[in-house]
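Just below is one structure, and these are the notes that go with it.
The values are calculated or read from the model by the stated rules, or taken from the named source; none is laboratory data. Nothing here was measured: the structure is a model prediction, and the numbers come from that model. Here the Cβ positions follow ideal geometry from the backbone for every residue, glycine too, while neighbour counts run over all protein chains shown.
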Amino acid sequence: MSILSKQQLHNLAMNTVGKDLEKQGYEFLGVNSKLGKNPQFVAIKSSKLFFIIVRAVTYPNNPVIYDEDLVNKIRNHALKFKARTFYAGVGLANSVDYDLPITSQDDYIINYSGLIEVKL
């Protein structure tokens, strides 16, 4: 049994958000799945540009609470491109016991409620 790394958890979050964006009709201009590189998605929809920050958030942390300094830095960068900025927090927990780490052998639960726009 191996515990999933931060990068593996991040990849799960990226897949969750990416599928949601595709379903909503976003087209990807850039995808960055490396930890520490932001934004994770640069996308276009209806001729508008979007910067989307993705975070994997493990239980008991709340996936809708984000680092305001980070998202404001990305938002300020996005404004230079006339882009809107969104945060997508994906909560992850071990389905057997929320307090256990997420492993490659256990099922996991996803708590994702969609994009949160970062406004002034």
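Filtering Ile44, Ile65, Ile52 for residues that are without any contact (Cβ under 8 Å) to a residue 40 or more places away in the chain and under 24 Å from Ser5 (Cβ atoms) leaves a single hit, Ile65. Could you list, in sequence order, the residues of the stretch 82-95 that are surrounded by 14 or more Cβ atoms within 10 Å (Cβ to Cβ) and either small (Gly, Ala, Ser) or touching an Asp or Glu at 6+ places or on another chain (Cβ under 9 Å) (or both)? Listed by number, the residues that qualify are Ala83, Arg84, Thr85, Phe86, Tyr87, Ala88, Gly89, Gly91, Ala93, Asn94. If you take the residues of the stretch 5-36 that are modelled with pLDDT of 95 or more and of a type in the set (A, V, I, L, M), which of them is farthest from Gly114 (Cα to Cα)? Filtering the stretch 5-36 for residues that are modelled with pLDDT of 95 or more and of a type in the set (A, V, I, L, M), the one farthest from Gly114 (Cα to Cα) comes out as Leu29. Screening the candidates Pro60, Pro39 for the property of being modelled with pLDDT of 95 or more and under 16 Å from Arg84 (Cα atoms) yields one hit, Pro39. Given the condition surrounded by 14 or more Cβ atoms within 10 Å (Cβ to Cβ), in contact with a strand residue (DSSP E or B) (Cβ under 8 Å, 6 or more places away or on another chain), assigned to a strand (DSSP E or B) and not aromatic (Phe, Trp, Tyr), answer yes or no: does some residue in the stretch 58-72 qualify? Taking every residue of the stretch 58-72 in turn, at least one turns out to be surrounded by 14 or more Cβ atoms within 10 Å (Cβ to Cβ), in contact with a strand residue (DSSP E or B) (Cβ under 8 Å, 6 or more places away or on another chain), assigned to a strand (DSSP E or B) and not aromatic (Phe, Trp, Tyr). Scanning the stretch 73-115 for residues that are without any contact (Cβ under 8 Å) to a residue 24 or more places away in the chain, part of a loop (DSSP other than H, G, I, E, B) and under 23 Å from Phe41 (Cβ atoms) yields one hit, Lys80. Do the conditions hold for Val54, that is, is it farther than 25 Å from Gln105 by Cα and either among the hydrophobic types (A, V, I, L, M, F, W, C) or surrounded by 14 or more Cβ atoms within 10 Å (Cβ to Cβ) (or both)? No; evaluated as a whole, the condition is false for this residue.
If you go through the stretch 6-34 and keep only what is assigned to a loop (DSSP other than H, G, I, E, B) and either exposed (fewer than 11 other Cβ atoms within 10 Å of the Cβ) or touching a residue at least 60 places away in the same chain (Cβ under 8 Å) (or both), you end up with Gly25, Lys34.
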